[in-house]
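Right, one structure below, let's go through it.
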Amino acid sequence: MQNHKAFELISIDRREKRPYDLQIKDRIKALILDRTFYYQDLLPEPEELAMALHLESDIAILAYKHLIKESFIKKTERGYEIAYLELTNYFFERNVAIYDAILALGLTPSIECVTKKIVTLTDEKAKELGFSQARTFLYINRIYKGNQRPLIILENYLPMNIFPDIDQALTGVEPLNDFIFKHYGLYAKESHRITKAVNLPSHIAKYLNEPAGSPSISSTNHVYDQYKRLIDFGQSHSTSSYYFQSMMHGNPVK
């Protein structure tokens, strides 16, 4: 990565009293926050950066460790990757879908369908999800990706009494909100979301290419249409990126 722009943009001040590792950390953090370095960008290896700055490699390695601890970067198979992304409440105040939020952040969104089937729930289970009458649902489990990287896995229960034949019409790789509006004339007017921090179960972690037990944000979401009917129960698990931590902690429409 000898041509990486980091070599031109990251510098230290040898007159400053602060340790060099903190200077490097703060400079990289500033470049991330002003979006000079963007989500999923790669930084040079710390040894390369240290060499360019005429420092011992341990100093740059320590700076990178600070950034990993603060969740600004992470070590992946690709190298040291920018992990920070911030999403403002703009998206939540308008109930924008995950697909559109990924698109708005400059990433290329895509959806992979893992499971799609009709299920019949007991009255007790249906009520547990928030449905007072429906018992038969289309169950769909999908992975949302940005630039082909898994970001969130989301399972939905869609009542068949509101969406007849949806099992035949929905392929599973199209944005759900747009599909529902185009085919049924319904739209998500309200969304009530509850989030919590969890460790990824192994059967979910494998879909997100994350180690089992990794920090994650889990969310349950009840979506209501313009007639105040519950039309969707969703449950999701995200990767540990700041983007989805921010997303799940936004202010949903009330």
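Data for the structure
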item: Packing-based exposure ordering (other Cβ within 10 Å, fewest first) of HIS183, HIS237, HIS203, HIS222; result: HIS203, HIS183, HIS222, HIS237
item: Residue-averaged [θ]222 nm for the chain, counting only DSSP H segments that reach four residues, each worth -39500 (n - 2.57); result: -8000 deg cm²/dmol
item: Option label - P(r) over Cα pairs in 10 Å bins from 0, in percent computed here, alternatives (i) 7, 28, 33, 25, 7, 0; (ii) 7, 28, 35, 21, 8, 1; (iii) 7, 27, 29, 18, 11, 6, 2, 0; result: (iii)
item: Relative packing of 49-62, 108-121, 143-156, which averages over residues the other C-beta atoms within 10 Å, highest first; result: 143-156, 49-62, 108-121
item: Out-of-range pairs (alpha-carbon distance over 28 Å; input LYS127/LYS206; LYS145/LYS196; LYS125/LYS145); result: LYS127/LYS206; LYS125/LYS145
item: Lysines whose Cα lies under 24 Å from that of LYS25, excluding same-chain neighbours fewer than 8 positions away; result: LYS5, LYS17, LYS65, LYS69, LYS74, LYS75
item: Full-stretch length increase - ALA212, TYR38 - with 0.36 nm per residue and alpha-carbon distance subtracted; result: 60.0 nm
item: Positive-end residue, the chain charge dipole about Cα centroid, Cβ charges, pick of GLY106, ASN141, LEU208; result: ASN141
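None of the figures in this text is laboratory data; all of them are computed from the coordinates on show. Being a predicted model, the structure only gives us computed values, none of them experimental. Backbone-built Cβ (ideal geometry, glycine too); neighbour counts: all protein chains shown.
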